[in-house]
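Novice: Attaching a single structure in C-alpha cells format; questions to follow.
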Amino acid sequence: MSKQLSSRSRQHGIGMLGVIFIVGLGAFVVTILLKMGPAYLDFWTVRTIMTEVAKQPQMIEGGPRGILNAVGKRMDINNLRDRSVKDDFAIEKVDNNLYNLILSYEDRRHLFFNVDAVAMFDYQVEVKLP
C-alpha cells in the first residue's frame, strides 16, 4: 500500500507554464479563425453564385458581358462589396457558345503586429449560353 501512495505523491499535473502555452495556442487559433473566416465565407458565396449562373444560362442576356452582369447582380444581392466583377473575374471563350468564367484573387488580412495572412482563391466554371 505504501508503494501506491508514494507513486501518487510523485505525480504532478500540468504546470503554470503549460497552461499559459495551451491558452496562448488556443488564442492564436481563434484569432486566425476569426480573421480568415470571413474571407473563406465570401469565397464560398461567390463560388455558389458562379455555379448558379452556370446552371441557369437562360437567365443571361447577351454574351460574356451578360455573364458578368448576372454574377455582379447576385453579388450585390448577397452584399459582397469587397469583390469586383471587373477586377476578380475573367471570361475565356472555349467554343461557339461555351465560356469559362474564371475567378482569381487574393485576400490579405491583418492578423496581429506586423503579421498578415494571404489567401489565394481560384475557381472556374463553364457557362453554355443558349
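The values are calculated or read from the model by the stated rules, or taken from the named source; none is laboratory data. Keep in mind it's a predicted model, so treat the numbers as computed, not measured. Positions of Cβ are generated from backbone atoms using ideal geometry, with glycine treated the same way; all protein chains shown enter the neighbour counts. Keep in mind that these areas ignore ligands, DNA and RNA; they rest on the heavy atoms of the full protein, side chains included. Shrake-Rupley method; radii C 1.70, N 1.55, O 1.52, S 1.80 Å.
Novice: Quick one: accessible area per residue over the chain, 1.4 Å probe, rounded to a whole number of Å²?
Specialist: I get 72 Å² per residue for this part.
Novice: Quote the relative contact order of the chain in percent (integer), defining contacts as alpha-carbon pairs under 8 Å separated by 6+ residues.
Specialist: 23 percent
Novice: Say R0 is 41 Å: what FRET efficiency, to the nearest 0.05, do D122 and M16 get from their beta-carbon distance?
Specialist: Once the sixth-power term is evaluated, E becomes 0.35.
Novice: To the nearest 20 debye, what is the magnitude of the charge dipole of the chain about its Cα centre, counting +1 on the Cβ of each Lys and Arg and -1 on the Cβ of each Asp and Glu?
Specialist: 800 debye
Novice: Something else about it: At 0.36 nm per residue, minus the direct Cα-Cα distance, what do L98 and F112 gain on full extension? Give it in nm, one decimal, please.
Specialist: Going from the current span to full extension adds 0.6 nm.
Novice: Ignoring everything except DSSP H segments at least 4 long, calculate the 222 nm mean residue ellipticity for the chain; use -39,500 (n - 2.57) per segment, divide by total residues, nearest 500.
Specialist: Mean residue ellipticity, 222 nm, calculated: -17000 deg cm²/dmol.
Novice: Mind scanning K35/K86; K93/K128; K35/K73 and naming the pairs with a C-alpha gap bigger than 22 Å?
Specialist: Among K35/K86; K93/K128; K35/K73, the Cα-Cα distance tops 22 Å for K35/K86; K35/K73.
Novice: Another question, then. First compute the accessible area of segment 7-108 with a 1.4 Å probe, then give the percent of it belonging to carbon and sulfur atoms.
Specialist: 56 percent
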